[in-house]
Amino acid sequence: MRARPQPPHTVYNNALEQHLRDTLGVWFVERPGTDPAKRPIREILGIDPRLNQRWPTRRAHINIRRSDLAIQLQQDHGGPPTPVEALHLAQQATLETRDAKHEPRSLTEATRDVVERGGSSARAFRRRAAPRRRPSRHLGLHRVPEGGVAANLVQQSPRTAQSNPPPHRRRRHLPPIGPR
């Protein structure tokens, strides 16, 4: 009996979670209080829930501006927007409701801004903001000290020779074009 294939969004979400767990050290948990009939919503563990309230307000601003633009278009042209026009209105509303970009700032200033907006302590923010690097041994890369017996063994190993053959022995990725 074969296992049922996973939908693409599940494969993508799982791969993304694994990548973020490996590179940044974050963990995901299901959001509490969601509808059990729907797919669970997964979030990064330790993120302040107040951040989830910020994005829905942005969506509300976009929808209000989009409806204003649709009313304006209807008054100007005497009919509701076509699907293509509705898409363009949504894009325009998204751009018009964006916050202005701030000037470049240091990590200290950015940390202060996050804490002022209701984020966690500055130390915790810095810990989360700084990427966690995994040791090279987890990536399959082994550091070899310069010189010495280990470096000579690596240079002479058959695997090293196979991974970088001379140009006349390299495999071609594309077949030759034209008659032979």
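Just so you know, all these numbers are worked out from the coordinates, no wet-lab data involved. Computed from a predicted structure; not experimentally measured. Because the Cβ atoms are built from the backbone with ideal geometry, glycine has one as well, and the counts that use them run over all protein chains shown.
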Using each residue's phi in region 101-106, evaluate 6.51 cos²θ - 1.76 cosθ + 1.60 at θ = phi - 60° and report the 3J(HN,Hα) Karplus result to the nearest Hz, with x for Gly and Pro. 6, 8, 5, x, 9, 7
If every Lys and Arg gets +1 and every Asp and Glu gets -1 at its Cβ, then about the Cα centre region 1-45 yields a dipole, in debye to the nearest 20, of 240
Using modelled amide H (1.01 Å from N, peptide plane; none on Pro or chain starts), what sits under 5 Å from the amide H of Arg42, excluding residues fewer than 5 places away? Arg31
With a ≥ b ≥ c from the Cα gyration tensor eigenvalues, square-rooted, and the rule rounded for a/c under 1.5, otherwise prolate when a/b > b/c and oblate otherwise, region 1-45 is oblate
